[in-house]
Amino acid sequence: MNREKPGGYHRPVLLGETLQALAVTPGGLYLDGTAGGGGHSHAIASLLDKNRGGRLIALDQDPDAVAEASARLEGLPARVVRANFTEMETVLGADAGMVDGILMDIGVSSHQLDTPERGFSYHDDAPLDMRMSQEGATAADLVNTLPESSLSDIFFRYGEEKFSRPIARAIVREREREPIVTTGRLVAVIREAVPAFARREGHPARRVFQALRIEVNGELTCLSAALDTAFRCLKDGGRLAVITFHSLEDRMVKQRFAALCRGCVCPPDFPACVCGRTPAARLVLRRPAQAAENELMENPRSRSAKLRCIERLHAPYEDQ
């Protein structure tokens, strides 16, 4: 997220912390699962030495991001592939299991947020889209077809929206008059559906837009699958770094990393270990890295960013 390009893009979030966590070596093989504008990818690839075998593979499902990252990485030992990060094992092919470091920067990019016609932002009136891949069902499709109960469940589960039911009710009532096809109209419906005090506690549409974006792109399902795939693609000693931007993502990453770093699973009342299980990974960062004050001043969107990183010790037990 918060991707960089000359003359316009923000400095990639937690850049120094990410490079330090990955411990990039000049002759290593690295994968950026969310290339975006190529900010993190450029920084990693700049540390690699092609003559020593160093190379970077960057993935992104957004064709706009693929074009931007490709231009930014020109001349460096890197290539950009249009693919979802769940497909990294297929993209790597024979290199799967040989990767020194993988980065996944989760969520919507600054470019997507700042391009009104992509429909991610509640600050601009634009088509209600929100598709990262620019393919498949749009947010408008969901808003205008899903039952009230399904909409309410999405808003509560993925947006932790307290007023999910009245908002869903208002949407269904409004779409019966005319389909809701723009971000501006959806914002107006949400604003009218929540109490006045809630409108003073930040933008009233923020949580609903987050929830719709997650649902449209299947973000949590993809993240769950990608975490397992990424760990398999690492070689022993390889590192997996993940940057998240909201609690649902971070909780999933934290729990998955904790499970990989757990050793013995014998019942606590056993006098001695009989399972023989040892940790498959170790925490590189005991606590998640977060943006320093100077970065927060330059880029307010980095406020919610958290970086977690683990190092693979051996294959996961289910793969053995």
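Observations
- Under DSSP loop assignment and at most 13 Cβ neighbours within 10 Å, longest GluC sites (Glu not before Pro)-free interval of the chain: 202-320
- Residues considered: P271, P195, P147. Largest GNM mean-square fluctuation over the chain, using C-alpha springs under 10 Å, is found at P271.
- Cα-centred dipole magnitude for region 103-186, charges only on beta-carbon of K, R (+1) and D, E (-1), debye, nearest 20: 360
- Put simply, region 160-313 fits an ellipsoid with semi-axes of 41, 19, 15 Å; these come from the alpha carbon gyration tensor as the roots of five times its eigenvalues, largest first.
- Relative contact order of the chain, pairs being alpha-carbon contacts under 8 Å that are 6 or more residues apart, as %: 18
- Size of electric dipole in region 216-320: Cβ of Lys, Arg +1 and of Asp, Glu -1, about Cα centre, debye, nearest 20: 180
- Solvent-free Debye scattering, log10 I(q)/I(0), computed from the Cα coordinates of region 103-185 at q = 0.12, 0.15, 0.21, 0.24 Å⁻¹: -0.37, -0.59, -1.08, -1.27
- Of the beta bridges in the chain, as assigned by DSSP with both residues counted there, near 40 percent are antiparallel.
- Split the accessible area of the chain by element, probe 1.4 Å, and carbon with sulfur accounts for 50%.
- Dipole of the chain [Lys/Arg +1, Asp/Glu -1 at C-beta], most positive-end residue of M104, N51, A65: M104
- Relative to the current alpha-carbon distance between E148 and N294, full extension at 0.36 nm per residue lengthens the span by 48.2 nm.
- Dividing the convex hull volume of the alpha-carbon atoms in the chain by its residue count gives 155 Å³ per residue.
- Among G75, V172, N299 the positive-end extreme of the charge dipole of the chain (Cβ point charges): N299
- One chain, two ends: T221 and M98. Fully extended at 0.36 nm per residue, the span grows by 41.8 nm beyond their Cα-Cα distance.
- Student exercise, the chain dipole from Lys, Arg, Asp, Glu Cβ charges, in Debye to nearest 20: 800
- Computed over region 77-140, the P(r) curve from all C-alpha pair distances, binned at 10 Å from the origin, holds 17, 39, 25, 16, 2 percent per bin.
- Three-way shape label, region 245-320, alpha-carbon gyration tensor, a/c 1.5: prolate
- Span-rule helices in the chain, defined as complete DSSP H runs reaching 18 Å or more along the axis (Cα) with Kyte mean at least 0.5: 219-233
- For region 122-137, 3J(HN,Hα) computed residue by residue from phi via the Karplus equation (6.51, -1.76, 1.60; θ = phi - 60°) reads 8, 8, 10, 8, 8, x, 7, 10, 6, 8, 5, 7, 6, 9, x, 5 Hz, glycine and proline entered as x.
The values are calculated or read from the model by the stated rules, or taken from the named source; none is laboratory data. Computed from a prediction, not measured in an experiment: that's the story for all the values here. Please note: Cβ atoms are built from the backbone with ideal geometry, for glycine as well, and neighbour counts cover all protein chains shown. SASA here: full protein model, heavy atoms, side chains in, ligands and nucleic acids out. Shrake-Rupley method; radii C 1.70, N 1.55, O 1.52, S 1.80 Å.
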